[in-house]
Amino acid sequence: KLPVILINPLIETLKTFDLPELYEGHFGIDLLIYCDSNNRIRVNPCLEINFRYNMGLLSLNLEKFIPANKQGIFRIFFDKHNPFSVFAQELKRMHPLKIRNEKIESGFFPLTPVWKETKFGAYILVN
């Protein structure tokens, strides 16, 4: 989690807009966190506010379906020469899906439809 010294300035900045009166729902703030030349953590000013259910929220919700003692990676697939279905079949073979207690114990789990000609896909892989 980000330290309060990083979050509070963002909250104060958002309060200066009419956001609470005009919008209700999820939003994400794209920002850049980096270390300066003195190895101090810095935050680049807000780059973009996304008024939608974004990938960050999706990944936080996906975390609920993975046991605490496991790690999962969330990835986006694109290959201009091969469809997502070929990639998905190979990962299913190499990493068969194992579910226990309604959680992904291990394996490949596609998050988007696996259609014959689809070039893009999203998935998680749990080890």
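The values are calculated or read from the model by the stated rules, or taken from the named source; none is laboratory data. Just so we're clear, the structure is a prediction, and the values are computed from it rather than from any experiment. Glycine gets a Cβ as well: all are built from the backbone with ideal geometry, and neighbour counts include every protein chain shown. The area values use the complete protein model at the heavy-atom level, side chains included, leaving out ligands, DNA and RNA. Shrake-Rupley method; radii C 1.70, N 1.55, O 1.52, S 1.80 Å.
Please state which of the following conditions I104 fails to meet, knowing it meets all the rest: (1) in a strand (DSSP E or B); (2) open to solvent by 100 Å² or more (accessible area, probe 1.4 Å); (3) touching a helix residue (DSSP H, G or I) at 6+ places or on another chain (Cβ under 6 Å).
With respect to (1) in a strand (DSSP E or B); (2) open to solvent by 100 Å² or more (accessible area, probe 1.4 Å); (3) touching a helix residue (DSSP H, G or I) at 6+ places or on another chain (Cβ under 6 Å), I104 is out only on (2).
If the Cβ limit is 8 Å and pairs must be 6+ apart or interchain, which residue in the stretch 98-110 that is closer than 16 Å to A88 by Cβ pairs with which residue that is open to solvent by 70 Å² or more (accessible area, probe 1.4 Å) and aromatic (F, W, Y)?
That search, which allows pairs on different chains as well, returns I104/F65.
Could you tell me which numbered condition V114 fails, if it satisfies all but one of (1) open to solvent by less than 60 Å² (accessible area, probe 1.4 Å); (2) at positive phi?
The number of the failed condition is (2).
Restricting attention to the stretch 18-59, which residues are modelled with pLDDT of 80 or more, hydroxyl-bearing (S, T, Y) and assigned to a loop (DSSP other than H, G, I, E, B)?
Y23, S37
Could you grab me the full set of residues in the stretch 60-101 that are open to solvent by 70 Å² or more (accessible area, probe 1.4 Å), within 17 Å of N127 (Cα to Cα), outside any strand (DSSP E or B) and of a type in the set (K, R)?
The answer is K64, K92, R93.
Does F51 satisfy the condition of being surrounded by 14 or more Cβ atoms within 10 Å (Cβ to Cβ), of a type outside the set (S, T, N, Q), farther than 23 Å from L91 by Cα and within 17 Å of the chain's Cα centre (by Cα)? Please lay out each step first, then the result.
On the way: surrounded by 14 or more Cβ atoms within 10 Å (Cβ to Cβ): no; of a type outside the set (S, T, N, Q): yes; farther than 23 Å from L91 by Cα: yes; within 17 Å of the chain's Cα centre (by Cα): yes.
Against the criterion (surrounded by 14 or more Cβ atoms within 10 Å (Cβ to Cβ), of a type outside the set (S, T, N, Q), farther than 23 Å from L91 by Cα and within 17 Å of the chain's Cα centre (by Cα)), F51 does not qualify.
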